[in-house]
1. Could you tell me whether the range 203-220 includes any residue that is within 24 Å of Ala15 (Cα to Cα), open to solvent by 10 Å² or more (accessible area, probe 1.4 Å) and in contact with a helix residue (DSSP H, G or I) (Cβ under 6 Å, 6 or more places away or on another chain)?
2. Output yes when any residue across the range 30-44 is modelled with pLDDT of 90 or more, closer than 23 Å to Val189 by Cβ and open to solvent by 50 Å² or more (accessible area, probe 1.4 Å), and no when none is.
3. Just one of Arg88, Arg67 is surrounded by 18 or more Cβ atoms within 10 Å (Cβ to Cβ), modelled with pLDDT under 90 and basic (Lys, Arg); which is it?
4. Considering Arg188, Arg115, which residue is of a type outside the set (S, T, N, Q) and not in a helix (DSSP H, G or I)?
5. Take the range 4-33 and flag every residue that is in contact with a Lys or Arg (Cβ under 7 Å, 6 or more places away or on another chain), within 26 Å of Thr172 (Cβ to Cβ) and not aliphatic (A, V, I, L, M).
6. What number of residues within the range 27-44 are within 15 Å of Leu165 (Cα to Cα), assigned to a loop (DSSP other than H, G, I, E, B) and not acidic (Asp, Glu)?
7. Could you list, in sequence order, all residues of the range 45-64 that are within 18 Å of Arg218 (Cα to Cα), open to solvent by less than 30 Å² (accessible area, probe 1.4 Å) and in a loop (DSSP other than H, G, I, E, B)?
8. Kindly provide the set of residues from the range 66-87 that are part of a strand (DSSP E or B) and farther than 13 Å from Val17 by Cβ, ordered by number.
Amino acid sequence: MPLTGPGRPVELADAAVAIGGRPILRGIDLTVETGEFVALMGANGSGKSTLVRCLTGLLPLTAGSLRLFGTPFDSFEDWCRIGFVPQRTGATSGVPASVWELVASGRLTRRKLLRPLSRADRDAIQDAIAVVDLTDKTHDGVALLSGGQQQRALIARALAGQPDLFFLDEPTAGVDLPNQHALTDALRVLKDRGATIVLVAHELGPLATLVDRAVVMRDGRVAYDGAPLGDHQVHEAVFTDAHHHHPRQVHDHPLRHDHAPHVSSPLERG
């Protein structure tokens, strides 16, 4: 079961991110409540993947503030509470490990260095593999799996650490429909267990049934934050045309110029 603790899982205030001096995100306010399933959506280049990298500390803020579980990011150390599932492209290429070995690496945040796997570790690994329905592939090489199966293995790796908050970056990209349904089933288990989930997606497909709230990005800003939307609604001109503003737009304030320090994140793995 997820741990309980003070503070919302995510509190991002007036945040900005720049890469090479070029503004990518501007004036972002985002709060995620415990147990919520939030879909971050938008067109390619809208800033949604950059926002997730900001929330996990993989990209530094150039302005604003981030709190995780009520703790300022600079002081946050409880990284076992957070699981990050990157885009599959490149994340599993050339991996010689078996499914079991890949998923076992997700226990690193819960184990003391150089200690052998405990019974609790092994149970968590087996449970994670079962949740994503890869038990029959436990000893197969990751490189031999289909793209959809590889994505499920990456989810199992994050799940093995038993985090409270999951970030998933485009988990259905390039994944066929049967595997999209398998991913949906796995994430439904996590949601039913009380996990908080932030999902980046260009289109939701079967995952739409799980979403509690949609946040739509446009040109590095939040254009919509509210009830779930259908894929066709997300890509309407009202969200993609920079010259129009949705009536429910939630941010329209100038960028502050205070600067937060660059803090690297221990989630930068593979």
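1. Yes, there is a match, as at least one residue in the range 203-220 is within 24 Å of Ala15 (Cα to Cα), open to solvent by 10 Å² or more (accessible area, probe 1.4 Å) and in contact with a helix residue (DSSP H, G or I) (Cβ under 6 Å, 6 or more places away or on another chain).
2. The answer is yes, given that some residue of the range 30-44 is modelled with pLDDT of 90 or more, closer than 23 Å to Val189 by Cβ and open to solvent by 50 Å² or more (accessible area, probe 1.4 Å).
3. Being surrounded by 18 or more Cβ atoms within 10 Å (Cβ to Cβ), modelled with pLDDT under 90 and basic (Lys, Arg) holds for just one of Arg88, Arg67, which is Arg88.
4. Arg115
5. Thr31, Glu33
6. Residues in the range 27-44 being within 15 Å of Leu165 (Cα to Cα), assigned to a loop (DSSP other than H, G, I, E, B) and not acidic (Asp, Glu): 2 in total.
7. Hits for the range 45-64 are Ser46, Gly47.
8. Within the range 66-87, Arg67, Leu68, Thr71, Pro72, Ile82, Gly83, Phe84, Val85 qualify.
The values are calculated or read from the model by the stated rules, or taken from the named source; none is laboratory data. No experiment lies behind these values; they were computed from the predicted model shown. With ideal geometry, Cβ positions are generated from the backbone for all residues, glycine too; neighbour counts draw on all protein chains shown. In case anyone asks, the SASA skips ligands and DNA or RNA and just uses the protein heavy atoms, side chains included. Shrake-Rupley method; radii C 1.70, N 1.55, O 1.52, S 1.80 Å.
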